[in-house]
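First comes the structure, then the notes that go with it.
The values are calculated or read from the model by the stated rules, or taken from the named source; none is laboratory data. A quick note: this is a predicted structure, and the numbers were derived from the prediction, not measured. Here the Cβ positions follow ideal geometry from the backbone for every residue, glycine too, while neighbour counts run over all protein chains shown. Areas reflect the complete protein model, heavy atoms only, side chains present, ligands, DNA and RNA absent. Shrake-Rupley method; radii C 1.70, N 1.55, O 1.52, S 1.80 Å.
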Amino acid sequence: MDKSNELWKEQDRDMVQVKIPFNLAGGVKEYHSAIWPGLTLQWKGNHLLLELPAEADGLSSAFYGGGMNRLERAVNLYVDRNYECSDPVQDMENKLREWGYSLSGCAGLMTAVPLEHAAVAEEDTGSAGIFVCVTAAAGNAARAGVERNVLAVYRPGTINIMLGIDGCLTPAAMVNVVQTAVEAKAAALADLGITDPENGLIATGTTTDAIVLAVSQSGRYSAEHVYAGTATDLGGAIGRLVYSAVTGSLLSVQTRKDSE
């Protein structure tokens, strides 16, 4: 990531505003969405809590509560990079009980990225409100499409994307959102020059990335989205937001490393 700072400066004028919202020294541990009324993101020490204002349609690769579900919240739990467990679902369930959260309506993620490096980006397109939160690091960057070593045990995701959309989407459009978000993540890694250490090729992600999508299906906007590819206003905004948030979180982590 030698060229990361230069890339950030060059593209800053074209990228959406990215916030690293948590200033722990200053006591800032809560972020309120500017585009989805009632949506909050809280730093809770060892986890991030994304609370939705009302139950929403969910689609995710989360190891806990993943698939197609109704969601009320998403949790991104920080664990040590050496965490390896045969039953992460039980670990997450134990934590949810400890915190007093309902076991239902929750998507659970894990990350080895310090949570203060979470990056947030938002946009109101006029037909939907989009919220993105990313925690990202590239220590186990990997390229899809080539042979590589596989993991025998569960390990925490390194690029976790929590994406909330206040708007109305068909099920097919929700899948399209995930596709666009993953393309944007891969583009950010390519532009930062991040490579797969096993082969030196440009990485498309890391070995254990995860994504959570929550869609309000509210009538606040008149449009119903049936597509979310990069040629649509919805998909174009999602691409910009995810690209920017992935870049922002990665550079926040890198800046910390450079200062140590």
Contact order normalised by length for the stretch 111-256, with contacts defined as Cα pairs under 8 Å and 6 or more residues apart; what percent is it? 36 percent
Ser86 versus Ile202, label points 7 Å from Cα toward the beta carbon: distance in nm? 4.2 nm
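Would you mind calculating the relative contact order of the stretch 112-194 from Cα pairs under 8 angstrom and at least 6 residues apart, reporting the percent as a whole number? Numbers along the way, then the final one.
Numbers: 73 pairs, mean separation 24.9, N = 83.
This gives 30 percent for the stretch 112-194.
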Could you work out Rg/(2.2 N^0.38 Å) for the stretch 84-183, with Rg from alpha carbons only? 1.28
If you take the charge dipole of the chain about its Cα centre, with +1 on Lys and Arg Cβ and -1 on Asp and Glu Cβ, which of Gln254, Gly100, Trp36 is farthest toward its positive end? Gly100
So if I place +1 on the C-beta of Lys and Arg and -1 on the C-beta of Asp and Glu, and nothing else carries charge, what would the dipole magnitude of the chain be about its Cα centre? I want it in debye, nearest 20. 220 debye
Rounded to the nearest 5, what % of the DSSP beta bridges within the stretch 127-260 are antiparallel ones? 60 percent
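If one computes P(r) from the Cα atoms of the stretch 118-231, what percent of pairs lie at distances over 21 Å?
Result: 43 percent of Cα pairs exceed 21 Å.
Highest first, please rank the peptides 131-141, 57-67 by the mean number of other Cβ atoms sitting within 10 Å of their residues. All intermediate terms of the calculation are to be shown ahead of the outcome.
Working: 131-141: 24.2, 57-67: 20.9.
The packing order, highest mean first, is 131-141, 57-67.
What's the magnitude of the charge dipole for the stretch 137-260 around its Cα centre, counting Lys and Arg as +1 and Asp and Glu as -1 at the beta-carbon? Answer in Debye, nearest 20. Don't skip to the answer; put the middle values down first.
Numbers: 8 positive and 11 negative charges, 32 e Å.
The dipole magnitude comes to about 160 debye.
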Using the Kirkwood radius over C-alpha pairs as Rh, can you work out the diffusion coefficient of the chain via Stokes-Einstein at 10 °C, viscosity 1.306 mPa s, in µm² per second? 87 µm²/s
Tell me, what is the 1.4 Å probe accessible area of Glu98, in Å² to the nearest 10? 120 Å²
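Treating only the Cβ of Lys, Arg, Asp and Glu as charged (+1, +1, -1, -1), what charge dipole size does the stretch 99-192 show about its Cα centre? Round to the nearest 20 debye.
Details: 4 positive and 8 negative charges, 98 e Å.
Result for the stretch 99-192 is approximately 460 debye, rounded to the nearest 20.
Work out, in µm²/s and without decimals, the Stokes-Einstein translational diffusion coefficient of the stretch 176-260 at 10 °C, 1.306 mPa s, Rh from Kirkwood over C-alpha pairs.
Working: Rh = 14.5 Å.
Answer from the Stokes-Einstein relation: 109 µm²/s.
Which whole-number percent gives the relative contact order of the chain, counting Cα pairs below 8 Å spaced six or more residues apart? Walk me through the numbers on the way to the answer.
Values: 583 pairs, mean separation 59.6, N = 260.
Normalised by residue count, the contact order of the chain is 23 percent.
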For every helix of n ≥ 4 consecutive DSSP H residues, a contribution of -39,500 (n - 2.57) applies; sum these over the chain, divide by its total residues, and give [θ] at 222 nm rounded to the nearest 500 deg cm²/dmol. -9000 deg cm²/dmol
Rolling a 1.4 angstrom probe over the protein chains, ignoring ligands and nucleic acids, what is the accessible area of Trp43 in square angstrom, nearest 10? 50 Å²
Given H placed on each backbone N at 1.01 Å, which residues far from Tyr64 in sequence or on other chains put an amide H within less than 5 Å of it? Gly108
Solvent-accessible area per residue for the chain at a 1.4 Å probe radius, Å²? 44 Å²
With unit charges on the beta carbons (Lys and Arg positive, Asp and Glu negative) and the dipole taken about the Cα centre of the stretch 117-198, which residue among Ala137, Gln179, His117 sits farthest to the positive side? Ala137
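Within the set of other residues whose C-beta is less than 13 Å from the C-beta of Ser218, count the net charge using Lys and Arg as +1 and Asp and Glu as -1.
Details: positive: Arg220; negative: Glu55, Asp57, Asp166, Glu224.
Taking every Cβ under 13 Å from that of Ser218, the sum is -3.
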Sequence-distant residues sharing a close amide H with Thr111 (under 5 Å, placed H): Leu77, Tyr78, Val79
